[in-house]
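The values are calculated or read from the model by the stated rules, or taken from the named source; none is laboratory data. Since this is a predicted model, take the numbers as computed values, not measurements. Positions of Cβ are backbone-derived with ideal geometry, glycine not excepted, and every protein chain shown enters the neighbour counts. Side chains included, ligands, DNA and RNA excluded: accessible areas come from the protein's heavy atoms. Shrake-Rupley method; radii C 1.70, N 1.55, O 1.52, S 1.80 Å.
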Amino acid sequence: MSAGQPPADPRPGDLLIIDRRASVQFAAGRGFVFRVTTVDPKPTYHGWLWLTGYVLAPDGEARERREIFVQRAGLRWVRTPAQRRPGGTTT
């Protein structure tokens, strides 16, 4: 994995943007930021994952706990200040 690329799969604590790219069930809305708490390790359809976590409000507060079924290829990671290295480079 090179610098700036997300991990192969989401991990607890990751912040993800969930929208229509992740699953058609999210096509009608604007999408949301989701903080992962659990990634289900059980096998499922190729390229799909069950994630448990929290929908975050714009202020970063957890508003709703959800379990979602998403396509790995449609996930986008939120860049946070914690992902910056000294000297201004990102991880």
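Some notes on this structure:
- The one condition in (1) open to solvent by less than 90 Å² (accessible area, probe 1.4 Å); (2) modelled with pLDDT of 95 or more that Gly60 fails to fulfil: (2)
- So Gln25, is it open to solvent by 100 Å² or more (accessible area, probe 1.4 Å) and either in contact with a strand residue (DSSP E or B) (Cβ under 9 Å, 6 or more places away or on another chain) or modelled with pLDDT of 95 or more (or both): yes
- Screening the range 26-61 for residues that are among the polar types (S, T, N, Q) and in contact with a Phe, Trp or Tyr (Cβ under 8 Å, 6 or more places away or on another chain) and picking the one that is farthest from Arg72 (Cα to Cα) gives Thr37.
- Comparison of Asp14, Asp19 shows that the only residue that is modelled with pLDDT of 90 or more, open to solvent by less than 40 Å² (accessible area, probe 1.4 Å), among the charged types (D, E, K, R) and in contact with a Gly (Cβ under 8 Å, 6 or more places away or on another chain) is Asp19.
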